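Peer 1: Structure below; questions to follow.
Nothing in this text is a laboratory measurement; each read-out follows from the coordinates by a stated rule. Just so we're clear, the structure is a prediction, and the values are computed from it rather than from any experiment. Quick reminder, even Gly has a Cβ in these numbers, built from the backbone with ideal geometry, and neighbours come from all protein chains shown.
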Amino acid sequence: VNIATEMESSGPPRRPEEKKSELAPDVASTTKKTRVDRQASATIGTTSREEVKDKDAREHLVNKPLLDRLWQAPVLRQVWGVEQESEKIDWFELFYDLIYVALAINLSNFLASNSNGEGIATAVIYFAMLFFAWNSLTIFVSRFHQVDMFATIMQFIYSAVVVSMAIYVLEPIRDSAHKFSFAFLVSRGCLVAMYGQVALLVPRARVFGKIAVIGNTMSAILFAIATIDAVPTGATIILWLLAAYPVELGWMTVMYTRPEASLPINVEHMSERYGLFVMLMLGESVIAIVTDATKTRSQDWVIIFCGFLLVYTNKLLYFESQPHQPEQHALRQATWRGRIYQYTHMVLGMSLVGIGTGIKLLKKDVDYSKHHATPTTYRLLTYSLVVFHVSNNIIRLTHKFKNRSLLIWATRLVFIVIIGLFPVMAPEIEPWVLPVAYALFNLCLTLIDAGSGVVKVPDKKQTYNEDRLPPKNIKIEIVKSTRKEDLEDAYFPSKTQVPLSPHRRPQMKRLRGQKYLFDTCNL
């Protein structure tokens, strides 16, 4: 009786888990939270490709403390021994590229106002340094994926520094040398911090991060020396170029000589980044064509149309010269091929800016009603186009194509020589004739590439063209039954026919009682 009374007063028996939770709620909640944190940490810290490519990677940080959301280990995009897959471009990378559109426009405006020898040399130096800033960050993001607030802050500072550089390119180098040096110093500081985080939190990339920190620190020291007012402009330029290319090539060469420091890159992601860079420079040429295009004279429309044809064929010549198999790409062949591929894009990008500026100056010549193009405009457009073709073919040679025709390469060389000798053969010519002639040359080169068979674009979906089309006469059957077997037999009269999967079966709509409508259009 006493036992029954105690059971009635205490209620129904409870499970041991409930008693444990009631007696020690803090311990249970703490254990559950610790388990969730460990699962989140394991999810983010793994180097599995499925987790790296998860588009909702940031959602794993929701239940973590504020400190963990601010400081989180980067994730490797690619590891050795894993098949390379398609890597999507990050939203920050696309936003960062927009800054270079404005930068190319400002650099083109500077070159149009200072088209003499000194102005061209200044524009080339500016572009070389700005490509160095773009390439340095691209090398980092092609290896590491970051999801914490620290990376967001560093990316913002780096982008703001590039914005300031886009403003400084409107001034001569003697007026903006020290400001440019300070901007590069800040950008190197951001990279030192980002690589330092990699060295601290990513065991596989610890040696790589340490070498990168040392290399970028050396570049930062040279940029810091260049900020001193007592340093002349010539010495500042030398310090820039030393910090940008020999120092970076040096520490990257050291990295590749040590197997424990070598980290692979995703070839498709990296090649797409360089393709986007070329597209940005082509966009500057399009902007130069359409700016102030309100004239109605025939010469203006000829320059606009043929100038656009010239830019469009440049796009075709570049992108159709790239291999569509990662095994043939220069970044997969050898280190020296990859280096030539990367830095040749700097020359190619500058030539595209020169082509856009040359078209802009041609329109200016027509506005002034001159009978022939000025020698500066003539040479700028001509030699920029020659440099583009030479650099594009160098990039083509870095890739490992299976078949190379000597006849096709000789034909390309002949066309490039003709374009280069055009100012000598026709020293005085109407401004509208230049884009017409060069567009025709480019069109011939494009047709040669299209008919050569060297570059073939494989399409995995070409077999879709061979699939059978749906029947012209759609049959609608009314079945007076509610049994699933009868409904299937109405559409599949043959038992040997394999039924479709559940999500591919014809939709059935109930009409007036027990009647069902089969819509075969949904197959």
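Peer 1: Which residues does the label zone of VAL186 cover in region 132-171, counting backbone N under 13 Å from a point 7 Å along Cα→Cβ?
Peer 2: Zone members listed by number: 154-168.
Peer 1: May I pose another question? Structure shown: which of LYS315/LYS402; LYS315/LYS400; LYS88/LYS360; LYS315/LYS363; LYS179/LYS364 lie over 28 Å apart, alpha-carbon to alpha-carbon?
Peer 2: LYS88/LYS360; LYS179/LYS364, as the Cα separations exceed 28 Å there.
Peer 1: Using θ = phi - 60° and the Karplus relation 6.51 cos²θ - 1.76 cosθ + 1.60, list the HN-Hα couplings for region 301-314 in order, rounded to whole Hz, with x at every Gly or Pro.
Peer 2: Values per residue, Gly and Pro as x: 5, 5, 5, 5, 5, 5, x, 5, 4, 4, 5, 5, 5, 4 Hz.
Peer 1: What does the charge count around LEU317 come to, taking other residues whose C-beta lies under 15 Å from its C-beta (Lys +1, Arg +1, Asp -1, Glu -1)?
Peer 2: +1
Peer 1: Still on this structure, I have one more. Length gain on complete extension for the stretch TYR245 to PHE305, per 0.36 nm per residue less the alpha carbon to alpha carbon distance?
Peer 2: Between TYR245 and PHE305, full extension yields 17.7 nm more.
Peer 1: To continue, here is another question. Can you pull the one-decimal nm distance between simple spin-label points at GLU268 and ILE429, each 7 Å off the Cα toward Cβ?
Peer 2: Placing both labels 7 Å beyond Cα along the Cβ direction yields 4.3 nm.
Peer 1: Still on this structure: At what distance in nm do the modelled label points of LYS364 and GLN328 sit from each other, each positioned 7 Å from its Cα along Cα→Cβ?
Peer 2: 4.2 nm
Peer 1: By the gyration tensor of its Cα atoms, with a ≥ b ≥ c the square roots of the eigenvalues, what is the shape of region 207-256: rounded for a/c under 1.5, prolate for a/b over b/c, or oblate?
Peer 2: Judged from the Cα gyration tensor, region 207-256 comes out oblate (a/c at least 1.5, b/c at or above a/b).
Peer 1: Under the 0.36 nm per residue contour assumption, what length would be gained going from the current alpha-carbon distance of TRP71 and SER405 to full extension?
Peer 2: Residue separation times 0.36 nm, minus the Cα-Cα distance, leaves 114.9 nm.
Peer 1: Here's something else I'd like to know. Along each of its three principal axes, how wide is the spread of alpha-carbon positions in region 135-244, in whole angstrom units, largest first?
Peer 2: Principal extents (Cα only, largest first): 44, 24, 18 Å.
Peer 1: A further question follows. Per residue, how big is the convex hull of region 76-265 when only Cα atoms are used? Give it in Å³.
Peer 2: Convex hull of Cα atoms, per residue: 119 Å³.
Peer 1: Follow-up question, since we're still on this one. For THR291 and ILE167 in one chain, what is 0.36 nm times their gap in residues minus the Cα-Cα distance, to one decimal in nm?
Peer 2: Stretched fully, the THR291-ILE167 segment lengthens by 42.6 nm.
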